[in-house]
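Structure first, commentary second.
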Amino acid sequence: MHLHSKLPNIGTTIFTVMSGLATKTGAINLGQGFPDFPMDPDLVELVAKAMRDGYNQYAPMPGHPPLLETLSGKIELLYKLAVHPLSEITITPGGTYAIYTALSTILQPGDEVIVFEPAYDSYIPNILMNGAVPVAVPLEYPSYKIDWKKAHKAKTAKTKVIVLNSPHNPTGAVLSEDDIEELRRLVYDTNIFIVSDEVYEHIILDGIPHCSILRYPDLFERSFVCFSLGKVFNCTGWKLGYCVAPETLTKEFRKFHQFDAFSCFTPTQVALASFLKEPSHYLSMPDFMQKKRDFFQELMSATRFNALPTHGSYFQIYSYKDISDEPDSEFAKTLVAQCGVAAIPVSAFYQSGKDDKVLRFCFAKKSETIVSAVEKLSKV
């Protein structure tokens, strides 16, 4: 039997490849973005309590109502936007799922989607699976800022969506107020939707404010804003996130959601409804992660790798131009084989495979993991 592939040019993701190599060789995995330190024990106990208390059946399709209400309060506290908990927030099995469902809600075959590259690897396959056309706009190297002139040139009558990501994966770049003004100009008097990937909203560093689309009511009215609870609370394996959108857009989003995941793991929702009521549980995250980023940078300064600017996410990107002329995909494999450290080649985040000789390292690790990894990298 012959299956006609919807993604004929898509293979195994680079994350699977590099994590597989790390496992096979026993290398330290600074590639895939997950912490190796424990989550808050109070949250663990809240999940166990929820199970003991009998919260083990389906949650309502939009999400556990007390969690929706707590998230609504969090959004108003942080972004001064009143979001209706029951009609404008949907709990999802992870941020990536929220992004895919948002794109599926919007797109029709032939629609065009502006995507800034390097781009998180799910965006373009999500677009292609919906029969739409990704239109890649390269970010400026090495700052990885948006070139808005190029974005305007990429806009056509077929443009249906612009995908944003801040803090940005893989580079750690963040949107500024100037970017927001340029975005307004781009979408003004159009029917262009915004899908905003903000899964690292609380991992934004250097005292920079997070320019969430939720801060701007005129932009929110055309937006699906996607978040991750797993990233915030160091439990990525929970695969729990949420999508915030105006009621009319949320109704369409839920038409897809009800026939896909339908609902998400109930005990974690019950636990987070309680845990999130204390703002310090998420407001402390930037300082916590900044210390890890700064520690990693300080140690890496003794190596031959050159740090590029990063202001958010789990990641720091480094140039290895002073070390090797190898393509980044090959150099990443060399690091695993010869040094015992896994990283992600940034060319994997471009359709074209653009290679600036840059690798992405995850610093959301225990101090001893970071020390051990950098000791190995210092020998390069």
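The values are calculated or read from the model by the stated rules, or taken from the named source; none is laboratory data. Being a predicted model, the structure only gives us computed values, none of them experimental. Please note: Cβ atoms are built from the backbone with ideal geometry, for glycine as well, and neighbour counts cover all protein chains shown.
In this structure, is VAL113 out of contact with any Phe, Trp or Tyr (no Cβ under 7 Å at 6 or more places or on another chain), more than 29 Å from VAL163 (Cα to Cα) and either without any contact (Cβ under 8 Å) to a residue 60 or more places away in the chain or in the same structural domain as SER352 (by TED's automatic domain parsing) (or both)? It is false that VAL113 is out of contact with any Phe, Trp or Tyr (no Cβ under 7 Å at 6 or more places or on another chain), more than 29 Å from VAL163 (Cα to Cα) and either without any contact (Cβ under 8 Å) to a residue 60 or more places away in the chain or in the same structural domain as SER352 (by TED's automatic domain parsing) (or both). Quick one: in the range 289-342, which of the residues that are acidic (Asp, Glu) and closer than 22 Å to THR25 by Cβ is surrounded by the fewest Cβ atoms within 10 Å (Cβ to Cβ)? Among residues in the range 289-342 that are acidic (Asp, Glu) and closer than 22 Å to THR25 by Cβ, the one surrounded by the fewest Cβ atoms within 10 Å (Cβ to Cβ) is GLU330.
The criterion of at least 2 residues that are over 16 Å from the mean Cα position of the chain (by Cα) is met by the following helices (runs of 4 or more DSSP H) wholly inside the range 229-327: 247-257, 266-275, 280-283, 285-300. Only residues that are farther than 25 Å from LEU107 by Cα and assigned to a loop (DSSP other than H, G, I, E, B) were counted in the range 144-169, giving 1. VAL346 meets each of the listed conditions (1) of a type outside the set (Gly, Ala, Ser); (2) touching a Phe, Trp or Tyr at 6+ places or on another chain (Cβ under 9 Å); (3) at pLDDT 95 or above; (4) surrounded by 18 or more Cβ atoms within 10 Å (Cβ to Cβ) apart from (2).
Of all the residues that make up the range 131-143, how many are assigned to a loop (DSSP other than H, G, I, E, B), out of contact with any Phe, Trp or Tyr (no Cβ under 9 Å at 6 or more places or on another chain) and either under 20 Å from ILE99 (Cβ atoms) or not assigned by TED's automatic domain parsing to the domain that holds THR171 (or both)? Step through it out loud before you land on a result.
To start, the set of residues in the range 131-143 that are assigned to a loop (DSSP other than H, G, I, E, B) comprises 131-132, 139, 141-143.
In the following step, the residues that additionally are out of contact with any Phe, Trp or Tyr (no Cβ under 9 Å at 6 or more places or on another chain) were identified as 131-132, 141-143.
Checking which are either under 20 Å from ILE99 (Cβ atoms) or not assigned by TED's automatic domain parsing to the domain that holds THR171 (or both) leaves us with 131-132.
Number of matching residues: 2.
Identify the residue in the range 49-106 that is among the aromatic types (Phe, Trp, Tyr) and under 21 Å from the mean Cα position of the chain (by Cα) and, among all such residues, is surrounded by the most Cβ atoms within 10 Å (Cβ to Cβ). Full working, then the answer.
Residues of the range 49-106 among the aromatic types (Phe, Trp, Tyr): 55, 58, 79, 97, 100.
Add one more test, that the residue is under 21 Å from the mean Cα position of the chain (by Cα), and what stays is 79, 97, 100.
Working: TYR79: 21, TYR97: 21, TYR100: 23.
It comes out as TYR100.
If you filter the range 349-369 down to residues that are surrounded by fewer than 23 Cβ atoms within 10 Å (Cβ to Cβ) and of a type in the set (Gly, Ala, Ser), you find that the one that is farthest from the chain's Cα centre (by Cα) is SER367.
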